[in-house]
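The values are calculated or read from the model by the stated rules, or taken from the named source; none is laboratory data. Fair warning: this is a prediction, and the values are worked out from it, not measured in the lab. In this analysis, Cβ positions are derived from the backbone assuming ideal geometry, glycine residues included, and neighbour counts consider all displayed protein chains.
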Amino acid sequence: MKSLQAIAAEVSGYDPNALPVAQAQEFIGRLVPRVTAVEMLPLRSALGRVLARDLVSAFNVPAHDNSAMDGYALRGSDLAAGAPTRLVAVGTGLAGQPFGGEVAAGQCLRITTGAVMPAGLDTVVPQEFVRIEGDAVIVPPGILRPGDNRRLAGEDLAVGEPALQAGRVLRPADLGMIASLGVAEVPVFRRLRVAFFSTGDELRSIGEPLDEGCVYDSNRYTLWGMLARLGVELLDLGVVRDDPAALEAAFREAAACADAVITSGGVSVGEADHTKKIMAELGEVLFWRIAMRPGRPMAIGRIGGVATADGRGGADGGHQAILFGLPGNPVAVMVTFYAFVRDALLAMSGATAEPLPMLRAASTAAIRKKPGRTEYQRGIVTRAADGGWQVAITGSQGSGILRSMSVANGLVVLGHAQGSVAAGEQVDVLPFDGLV
């Protein structure tokens, strides 16, 4: 296992006092371990879980050439050029009940969607396009080409082809794909275990009296929501007061039972608490000032005992957890989670990296920004009169204004080297839909 300093040496331009977002993401990507334990789950229990092994099709899907619609199956070579084609219907093929006879040249077969195409037939004419005269089916000219409306055997999946690859987070369509292979149980990585808590003497949990100078802890609820979207196992350790013994106990409990530990508060320079000191005593931890706004202070590292060979262990002293020490301000917690923690937890879960989708939108007003840091501003994305996307900043961008995140439907992402934005200029937006 590499030390944090060894990992830092591999990151070009590493500077813990002014670390660009991209370098911080690279460092974290090199740091985090991957879950290896696998469990088998019934198909309906596998939604949102990470596939542990490639699923390979044991047969063609579909298994036979079949009709893509209701109509008449025929030979494409029977179609007349520039004149109606007259065919004789000799029977019916239904889905699940294939036609058992032969269809000769000049003949056709009444067929329904999904029914097997008999040998020699390669084209289907939709029933609404034909005219029926007794046993004869009249196909108008110019409406059909040989091969139209036929699904080929194996066009969805060919035998021996990977249907889904390891590392995929299983979605509803994937469950249908797996079912089409006749697979009832799915190999998935075990769920990642994540412990989280807030620090600070000023914080109170919901239900407690709000003393003078105190505030209700909102960070644990936004963290819970963001983590729940990732499908990880959660351990909420509540609010931990700024007391060395209480902090040490919380960190030890979290590190002993979780793969990752997330804290909010206690990592800024000059804060009057013991969090940074306890973090450093219980593991190998780096304290960063990231070139971003909001969310400049952050701690990253490992806490707990020596890691076991499988990357876990049982009791304190035999297992290390990855630590993410986030700022205390509510908006900074959410921004740093999406900038750094979300992708790291997915990677730890065994998921294949998929960058978050960005859209381009025109800024409705000028935005002041200095090059040299990445800024995440809360925005409201709407349709412009020309049909394109436009985005307006929600107002004050203070990192303690959580309402701005609730009102917004996306984050305007202004890159490290980017300067001020003029009204009408295109900017990158990270949409919240499906994310928060």
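State whether the residues of the stretch 209-216 include one that is of a type in the set (A, V, I, L, M), outside any strand (DSSP E or B) and either on the phi < 0 side of the Ramachandran plot or not assigned by TED's automatic domain parsing to the domain that holds Ala255 (or both).
Yes, there is a match, as at least one residue in the stretch 209-216 is of a type in the set (A, V, I, L, M), outside any strand (DSSP E or B) and either on the phi < 0 side of the Ramachandran plot or not assigned by TED's automatic domain parsing to the domain that holds Ala255 (or both).
Within the stretch 366-396, can you find the residues that are in contact (Cβ under 8 Å) with a residue 24 or more places away in the chain and over 19 Å from Arg293 (Cα atoms)?
Result: Val381, Gly388, Trp389, Gln390.
Please work out which one of (1) assigned to a strand (DSSP E or B); (2) touching a Phe, Trp or Tyr at 6+ places or on another chain (Cβ under 9 Å); (3) β-branched (Val, Ile, Thr) is the condition Ile143 fails and give its number.
(1)
Considering only residues that are over 24 Å from Asp156 (Cβ atoms) and among the β-branched types (Val, Ile, Thr), which ones fall in the stretch 68-116?
Passing the criteria: Thr85, Val88, Val90, Thr92, Val103.
Which of the residues belonging to the stretch 314-334 are out of contact with any Ser or Thr (no Cβ under 8 Å at 6 or more places or on another chain) and at pLDDT below 95?
Once the filter is applied, which keeps residues that are out of contact with any Ser or Thr (no Cβ under 8 Å at 6 or more places or on another chain) and at pLDDT below 95, the stretch 314-334 yields Gly314, Ala315, Asp316, Gly317, Gln320.
Are any of the residues in the stretch 156-172 closer than 16 Å to Arg75 by Cβ and not in a strand (DSSP E or B)?
no
May I ask you to list the residues in the stretch 257-283 that are surrounded by fewer than 21 Cβ atoms within 10 Å (Cβ to Cβ), under 25 Å from Arg191 (Cα atoms) and in contact (Cβ under 8 Å) with a residue 60 or more places away in the chain?
Of everything in the stretch 257-283, just one residue is surrounded by fewer than 21 Cβ atoms within 10 Å (Cβ to Cβ), under 25 Å from Arg191 (Cα atoms) and in contact (Cβ under 8 Å) with a residue 60 or more places away in the chain, namely Cys257.
State all residues of the stretch 92-110 that are in a strand (DSSP E or B) and more than 49 Å from the chain's Cα centre (by Cα); if no residue qualifies, say none.
Scanning the stretch 92-110 gives a single hit, Gln107.
Which one of these is within 30 Å of Val169 (Cβ to Cβ) and among the small types (Gly, Ala, Ser): Ala423, Ala365, Ala347, Ala384?
Ala347
Taking the stretch 159-185 as the region of interest, how many residues are touching a strand residue (DSSP E or B) at 6+ places or on another chain (Cβ under 8 Å) and either in the same structural domain as Gly91 (by TED's automatic domain parsing) or under 18 Å from Val56 (Cβ atoms) (or both)?
Number satisfying all stated conditions: 18.
Considering only residues that are farther than 18 Å from Gly93 by Cβ and touching a helix residue (DSSP H, G or I) at 6+ places or on another chain (Cβ under 6 Å), which ones fall in the stretch 108-163?
Matches in the stretch 108-163: Ile143, Pro146, Ala163.
Within the stretch 184-208, track down each residue that is part of a loop (DSSP other than H, G, I, E, B), more than 17 Å from Arg342 (Cα to Cα), touching a residue at least 60 places away in the same chain (Cβ under 8 Å) and out of contact with any helix residue (DSSP H, G or I) (no Cβ under 7 Å at 6 or more places or on another chain).
Selection gives Arg190, Gly200, Asp201.
Among the candidates Gly167, Gly120, Gly160, single out the residue that is on the phi > 0 side of the Ramachandran plot and more than 28 Å from the chain's Cα centre (by Cα).
Residue meeting the stated conditions: Gly120.
Restricting attention to the stretch 101-145, which residues are under 16 Å from Ser67 (Cα atoms), surrounded by fewer than 14 Cβ atoms within 10 Å (Cβ to Cβ) and of a type outside the set (D, E, K, R)?
Hits for the stretch 101-145 are Ala119, Phe129.
Restricting the stretch 388-429 to residues that are under 20 Å from Pro20 (Cα atoms) and not in a strand (DSSP E or B), which is modelled with the lowest pLDDT?
In this case the residue turns out to be Ser399.
Condition first: assigned to a strand (DSSP E or B), at negative phi and touching a residue at least 40 places away in the same chain (Cβ under 8 Å). Can you find one or more residues in the stretch 239-255 that meet it?
The answer is yes; a qualifying residue exists.
All but one of (1) touching a residue at least 24 places away in the same chain (Cβ under 8 Å); (2) outside any strand (DSSP E or B); (3) surrounded by 15 or more Cβ atoms within 10 Å (Cβ to Cβ) hold for Thr36; which doesn't?
Every condition holds for Thr36 apart from (3).
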